[in-house]
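Colleague: Below you will find the structure I want to go over with you.
The values are calculated or read from the model by the stated rules, or taken from the named source; none is laboratory data. Please read all numbers here as calculations on a predicted model, not as lab measurements. Quick reminder, even Gly has a Cβ in these numbers, built from the backbone with ideal geometry, and neighbours come from all protein chains shown.
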Amino acid sequence: DVWSLGVLILEILTGKIPTTELQQEKGGLDLRGWVYSGPQEEWSSKVLDSELKAKKDSEGQMHKLMQIGLACCREDVDKRCVLEEALDRIEELKGRDTNEDSARILTTDGEDDLSTVDIN
């Protein structure tokens, strides 16, 4: 299901697994909550797996993929991304050059304000 896809994406990008050790280490937060707890601007330095951070040319795509993962893991089922939409967004990332003039991104102002925006 879409929740599992989101958790898998977060596991890959953070290098962490959602275990009780993570919850103890991160002050009781689960993996999704831990990612949400920090500002998006700090994802590169604090959230992304250090082995992935070495690939600076794909950092923007990793941030977008993290947003997709979070959209799949929203607590409110009615606001959660549907599986087909998540897969479409991942396919867009696969085929998209990060230097294109136009891009579709997810924006977050908190968990309840996740939306898509076309930028030019």
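Colleague: I need the full set of residues from the range 45-74 which are under 12 Å from THR14 (Cβ atoms) and assigned to a helix (DSSP H, G or I), in order please.
Modeller: Those that are under 12 Å from THR14 (Cβ atoms) and assigned to a helix (DSSP H, G or I): LYS46, VAL47, SER50, GLU51, LEU52, LYS53, MET62, LEU65, MET66, GLY69, LEU70.
Colleague: Just one of the numbered conditions (1) modelled with pLDDT of 90 or more; (2) within 13 Å of the chain's Cα centre (by Cα); (3) not β-branched (Val, Ile, Thr) is not true of GLU85; which one?
Modeller: (2)
Colleague: Restricted to the range 31-76, and to residues that are over 14 Å from LEU93 (Cβ atoms) and of a type in the set (Gly, Ala, Ser), which residue is surrounded by the most Cβ atoms within 10 Å (Cβ to Cβ)?
Modeller: Checked the range 31-76; the qualifying residue surrounded by the most Cβ atoms within 10 Å (Cβ to Cβ) is GLY33.
Colleague: Quick test of your reading of the structure: PRO18 fulfils all but one of (1) modelled with pLDDT of 85 or more; (2) within 15 Å of the chain's Cα centre (by Cα). Name the failing condition by number.
Modeller: Of everything listed in (1) modelled with pLDDT of 85 or more; (2) within 15 Å of the chain's Cα centre (by Cα), PRO18 misses just condition (1).
Colleague: Report the residue count in the range 77-92 for those that are assigned to a helix (DSSP H, G or I), closer than 15 Å to MET66 by Cα and of a type in the set (D, E, K, R).
Modeller: Result for the range 77-92: 5.
Colleague: Which condition number does THR108 fail, the rest of (1) surrounded by 11 or more Cβ atoms within 10 Å (Cβ to Cβ); (2) at pLDDT 85 or above being met?
Modeller: The number of the failed condition is (2).
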